[in-house]
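These notes are about the structure you will find just below.
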Amino acid sequence: MVSANGVYRLSSSPLFRWMSWRHSSSKLFVGGLSYDTNEPVLKGAFGQHGEIIEVKVICDHKSGKSRGYGFVHFVSEDSASKALAEMDDQLLDGRNIRVQYANKK
């Protein structure tokens, strides 16, 4: 929003509100997983950062093999934030994983 003096106020813009909402999630996307990484391994790696509601490794419908990514849903946003900061680009099952907030649809 632009004020009377022509200054753009980011805090009231739709983009800022969307970015704030997006980064206040307790669900994380985890990419770059080894095809051997399963849900118990993923839960074990992320569980040290807080209480987890659900862990899901996404698998191919026909073959049942991992697609190399999954989701970790924490009870709290603080736990998710801590896990993201500490786990992004860390080694898990021989692969450097990528962690980011999951997009809500």
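Only residues that are more than 14 Å from residue 27 (Cα to Cα) and among the hydrophobic types (A, V, I, L, M, F, W, C) were counted across the range 56-86, and they come to 2. Can you tell me which residue among 50, 32, 70 is closer than 19 Å to residue 94 by Cα, in contact with a Lys or Arg (Cβ under 8 Å, 6 or more places away or on another chain) and surrounded by 17 or more Cβ atoms within 10 Å (Cβ to Cβ)? Sole residue among the options that is closer than 19 Å to residue 94 by Cα, in contact with a Lys or Arg (Cβ under 8 Å, 6 or more places away or on another chain) and surrounded by 17 or more Cβ atoms within 10 Å (Cβ to Cβ): 70.
When residues in the range 89-103 are screened for being within 16 Å of residue 28 (Cα to Cα) and in a loop (DSSP other than H, G, I, E, B), 5 of them pass. Only a single criterion out of (1) within 15 Å of residue 43 (Cβ to Cβ); (2) without any contact (Cβ under 8 Å) to a residue 60 or more places away in the chain is not satisfied by residue 97, namely (2).
Values in this text are rule-based calculations from the coordinates and carry no lab data. In this text, all values refer to a predicted model and were calculated from it rather than measured experimentally. A quick note on method: Cβ atoms are made from the backbone with ideal geometry, for glycine too, and the neighbour counts reach across all protein chains shown.
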